[in-house]
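A.B. asks: Sharing a structure, written as structure tokens. Questions coming.
Bear in mind that the values in this text are calculations on the coordinates, not laboratory data. Only a predicted model underlies this, so the values are computations on that prediction, with no experimental measurement involved. Neighbour counts run over all protein chains shown; Cβ positions are idealised from the backbone, glycine included.
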Amino acid sequence: MLPFSEPEKIYFLDIETAPQCANFNQLPEKWQSLWEHKTTALKLEESPESAYRRAGIYAEFGRVVCVCVGRIQLQDKGPVLRIRTFHDAEEVTLLKKLSQWLSRNMTSENKLCAHNGKEFDFPWMARRMLINRIPLPNCLQFAGKKPWEVPHLDTLEMWKFGDYKHYTSLNLLAETFGIASPKKGMDGQMVAEKYWKENAVKEIVHYCCEDVRTLAELSLIWASKPPLEAIEIIV
């Protein structure tokens, strides 16, 4: 069976993350030392203070700002995408709600789908849940598995068609297929500043929803089905 032959059984997911603190100097001394060690291991050509804007990439140093999950419903008028958003000032509250929602809604017939999800979104969520002492839902119970053993879908992996030489961004795929760009006025590198300096959570959530919308539209093209007719967002 083709991966997107039944898009209504797929939950399209995207997460946005930020560093734990607004800047390096706000970190406790022990965590400053740990971040310095991390930047040395990564061989970054900038100071730990400057590199800290990237800390949201790493689950040990970051926090979840929002998670958006969308599901397609095939209707007579055309496919409708319904997106559920998770965001809260307290990360642990956000993750508890997300864990409970995934436990209720994910079944053996459903799959998660994200762009670069096997390298980022899926393990990142699992790590932050464990750090916050939140039981993992079954759909995130794949510690120790090989990437090809993870049951969920990854559009980056699928687009490679076995070619592992190149990284293709979701924005590039959108442009390639003539889909509206998910990066209008914002991209992932801006999330930390938008979050800590502007408290622009609504803008970040909207940006996250746009990535979910793009994933859903790609899946419909892959499945040779009509484009989205409408999008409904549950805040």
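A.B. asks: Looking at the structure I just gave you, is Thr17 touching a Lys or Arg at 6+ places or on another chain (Cβ under 8 Å), under 21 Å from Val201 (Cα atoms), in contact (Cβ under 8 Å) with a residue 24 or more places away in the chain and of a type in the set (S, T, N, Q)?
C.D. replies: yes
A.B. asks: Looking at region 106-120, which of its residues are under 18 Å from the mean Cα position of the chain (by Cα) and either farther than 15 Å from Gln141 by Cβ or among the acidic types (Asp, Glu) (or both)?
C.D. replies: Result: Cys113, Ala114, His115, Asn116, Gly117, Glu119, Phe120.
A.B. asks: Quick one: which of Val65, Val92, Val80 is in contact (Cβ under 8 Å) with a residue 60 or more places away in the chain and over 26 Å from Ser224 (Cβ atoms)?
C.D. replies: The conditions single out Val65.
A.B. asks: Here is a follow-up. Give the residues of region 221-235 that are part of a helix (DSSP H, G or I) and closer than 16 Å to Ser181 by Cα, sorted by residue number.
C.D. replies: The answer is Ile221, and nothing else.
A.B. asks: Can you tell me which residue is surrounded by the most Cβ atoms within 10 Å (Cβ to Cβ) among those in region 180-235 that are touching a strand residue (DSSP E or B) at 6+ places or on another chain (Cβ under 7 Å) and over 30 Å from Leu74 (Cβ atoms)?
C.D. replies: The qualifying residue surrounded by the most Cβ atoms within 10 Å (Cβ to Cβ) is Ala192.
A.B. asks: All but one of (1) in contact with a Phe, Trp or Tyr (Cβ under 9 Å, 6 or more places away or on another chain); (2) within 30 Å of Leu220 (Cβ to Cβ); (3) in contact (Cβ under 8 Å) with a residue 60 or more places away in the chain hold for Leu74; state the number of the condition that does not hold.
C.D. replies: Against the list (1) in contact with a Phe, Trp or Tyr (Cβ under 9 Å, 6 or more places away or on another chain); (2) within 30 Å of Leu220 (Cβ to Cβ); (3) in contact (Cβ under 8 Å) with a residue 60 or more places away in the chain, Leu74 comes up short only on (1).
A.B. asks: Let me ask something additional. Taking the residues in region 190-213 that are free of Cβ contacts under 8 Å to residues at least 60 places away in the same chain and part of a helix (DSSP H, G or I) as candidates, determine which candidate is farthest from Phe4 (Cα to Cα).
C.D. replies: Across region 190-213, the extreme among qualifying residues is Lys194.
A.B. asks: Here's another thing I want to ask about it. Is it the case that region 3-10 has a residue that's within 27 Å of Arg82 (Cα to Cα), surrounded by 14 or more Cβ atoms within 10 Å (Cβ to Cβ) and aliphatic (A, V, I, L, M)?
C.D. replies: Within region 3-10, one or more residues are within 27 Å of Arg82 (Cα to Cα), surrounded by 14 or more Cβ atoms within 10 Å (Cβ to Cβ) and aliphatic (A, V, I, L, M).
A.B. asks: For the subset of region 206-235 comprising residues that are in contact with a Pro (Cβ under 7 Å, 6 or more places away or on another chain) and hydroxyl-bearing (Ser, Thr, Tyr), which member is nearest to His152 (Cα to Cα)?
C.D. replies: It comes out as Ser219.
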